[in-house]
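The structure appears right after this line, and notes come after that.
The values are calculated or read from the model by the stated rules, or taken from the named source; none is laboratory data. Fair warning: this is a prediction, and the values are worked out from it, not measured in the lab. Note: ideal-geometry Cβ built from the backbone for every residue, glycine included; neighbour counts use all protein chains shown. Ligands, DNA and RNA are stripped out before the accessible areas are found, and what is left, the full protein with its side chains, is counted by its heavy atoms. Shrake-Rupley method; radii C 1.70, N 1.55, O 1.52, S 1.80 Å.
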Amino acid sequence: MGLLTILKKMKQKEREMRLLMLGLDNAGKTTILKKFNGEDVSTISPTLGFNIKTLEHKGFKLNIWDVGGQKSLRSYWRNYFESTDGLVWVVDCADVLRLEDCRQELSSLLLEERLGGATLLVFANKQDLPGALSKEAIREALALDDIKTHHWCIIGCSAVTGENLLAGMDWLLDDIAARIFTTD
Amino acid sequence: MDATEEISQENAFYDRNGAAKIHDRIQKRQQALAEDAERRKDAKKSHSVREEKSEYFLRTFNAERAAIQELLTGCSGADRPVVTQQLEEATAKMTQLQKFLNDSVIFLSQYEIRVAQTALQKLQTSLSETREEALPKKKFAFRSRTKAAEKGSDCPPPPETAGSGVTKMDGAAVSKQADFSNISNEYLTKKSEDIQNRDVLLTHLTNCKVRLYGSPSTLHLKHINACEILCGPVATSVFVDHCSNSILAFPCQQMRTHNTTDTQVYLHVTSRAIIEDCLRVSFAPFSWSYSTLDQDFSASGLDRDRNNWSQVDDFNWLAAGTPSPNWTVIPEEDRKTTWDP
């Protein structure tokens, strides 16, 4: 093994990020993940368990964990908190009935000590649906402005069309990179 | 005495041949050094990592690229499932290739990186073009939705403050939903134009018969008791929550069932149905029909040939191998075949 290979491995390790994608069931977490990875999104079924994808973006190696959002799975979320650099919270903007549920789950996540250092990106998903609330409405409903403990940003997107997914991910990566790779 | 004699003899020998001897030695030494250097060079050559050569990179990269290109050209004119599979494969290969490039960046020259990056980008474009061509989006659903979305995104900025904006958005969302709520003992119907592409919400219904002719975007059923609810093809998800003693029938992409008991579902589902906190839910294939069903099916974009009605995931039953006790398949002889009253 050459010295270059060793150097390369070290460098790679440094540029790795761990992102955790959570949200209520049917928010579109798996769809976002697959769309971001350029896969077919028409055959996705409700996530029983979790998906992990490793992909490269902007020179970073991203390990994205997409954990199922069904009620019975939410108690397992905490198993995935360790060493998370970024939290992606996905909201189904057309699901007005469960916005309160959504707010509660998010605020309890943010109290979690192990997520203390993580940057929060809120995806206001399903903007392509006619009944979807705007990202401003979601921002208010989730009381995002009260969050003082984390860097956060809300972005309206559509996982089905792919709109704004990259913009959101770029913001998240930049914010995390500014925090942990300051020497670069 | 002997020893001194020997030394003096040797000295004498040196004196005689000294110069020639040293010269000889120097030559030998030089030769050895040269051989040594040669050997080290060889060793170095055999040790350096094959993968860190730019010719190796170029060869592998080009071979992979050609393979993907071939996959893409193979897509034109092939059957839908074949195309889907090939596109999937191409996408996976593309990711691998990108990763390979990223891994190799450190020993490539700027120029090589740029060339490879451009090639990849080109490939990505042709992949999405092929996908667009081979698996076109359903025109109807796509157009109407984008139009609606554009309208939605255009209107919020005007005069109102943030607070009033929210209530207005709530109002808009509600008015866009076609609902039935708090009704008992009635026969309820909706026509296509009322529900097409909308979110339909049915709540607190008791002992009702509901017929929804058309293709809604999503269907929410909440607090339903002793009802018979039939609906045309639902483009995305159906949510069922707190439903009991009822009969449901619809085609949809996903079905998510919660807190439901003693309910029969006649289902066409292209992805999966799931149940959570449910008891005695039973499933059979969708069998209701009405005059414009075919039309609504194509409007919803659902695949008529893919029905996973019997593959139900129970989130309270994660044991693989043993079937969940919370749901069953309705035996064929017990299935409902006539629907209209």
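Filtering the range A:42-70 to residues that are within 30 Å of residue B:257 (Cβ to Cβ), within 11 Å of chain B (Cβ to nearest Cβ) and touching a residue at least 40 places away in the same chain (Cβ under 8 Å) leaves A:68, A:69, A:70. For the range A:137-144, does any single residue satisfy the condition of being out of contact with any helix residue (DSSP H, G or I) (no Cβ under 6 Å at 6 or more places or on another chain), in contact (Cβ under 8 Å) with a residue 60 or more places away in the chain and at negative phi? The answer is no, given that none of the residues of the range A:137-144 is out of contact with any helix residue (DSSP H, G or I) (no Cβ under 6 Å at 6 or more places or on another chain), in contact (Cβ under 8 Å) with a residue 60 or more places away in the chain and at negative phi.
Taking the criterion of being open to solvent by 60 Å² or more (accessible area, probe 1.4 Å), over 29 Å from residue B:130 (Cα atoms) and among the small types (Gly, Ala, Ser), would at least one residue in the range B:41-49 satisfy it? Within the range B:41-49 (the criterion being open to solvent by 60 Å² or more (accessible area, probe 1.4 Å), over 29 Å from residue B:130 (Cα atoms) and among the small types (Gly, Ala, Ser)), the answer is yes, since at least one residue qualifies.
Rundown of residues vs (1) in contact (Cβ under 8 Å) with a residue 24 or more places away in the chain; (2) open to solvent by 80 Å² or more (accessible area, probe 1.4 Å); (3) within 30 Å of residue A:44 (Cα to Cα), yes/no style:
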| residue | (1), (2), (3) |
| --- | --- |
| B:69 | yes, yes, yes |
| B:91 | yes, no, yes |
| B:98 | no, no, yes |
| B:101 | yes, no, yes |
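Say we look at the range B:283-294 and pick out the residues that are closer than 22 Å to residue B:263 by Cβ and within 29 Å of the chain's Cα centre (by Cα); which of these is surrounded by the fewest Cβ atoms within 10 Å (Cβ to Cβ)? Ranking the qualifying residues of the range B:283-294, first place goes to B:285. Taken together, the residues in the range A:107-124 that are more than 18 Å from residue A:82 (Cα to Cα) and aliphatic (A, V, I, L, M) amount to 2.
Of the residues making up the range B:204-218, those that are closer than 15 Å to residue B:191 by Cα and surrounded by fewer than 24 Cβ atoms within 10 Å (Cβ to Cβ) are B:209, B:210, B:211, B:213. Residue B:297 meets the conditions (1) more than 14 Å from every other protein chain (Cβ to nearest Cβ); (2) open to solvent by less than 50 Å² (accessible area, probe 1.4 Å); (3) under 19 Å from residue B:205 (Cα atoms) in every case but one. The failed one is (3).
Note on the range B:303-326: among residues that are of a type in the set (D, E, K, R) and within 15 Å of residue B:260 (Cβ to Cβ), the one that is farthest from the other protein chains (Cβ to nearest Cβ) is B:314. Those strands (runs of 3 or more DSSP E) of the range B:274-341 in which at least 1 residues are among the acidic types (Asp, Glu), more than 23 Å from residue B:192 (Cβ to Cβ) and touching a Pro at 6+ places or on another chain (Cβ under 9 Å), considering only elements entirely within it, cover B:312-314. For the range B:101-132, residues that are more than 10 Å from chain A (Cβ to nearest Cβ) and part of a helix (DSSP H, G or I) total 19. Contact map, the range B:280-304: residues that are over 26 Å from residue B:332 (Cα atoms) paired with residues that are part of a helix (DSSP H, G or I) and open to solvent by 40 Å² or more (accessible area, probe 1.4 Å), Cβ distance under 6 Å, separation 6+ or inter-chain. Pairs shown: B:299/B:140.
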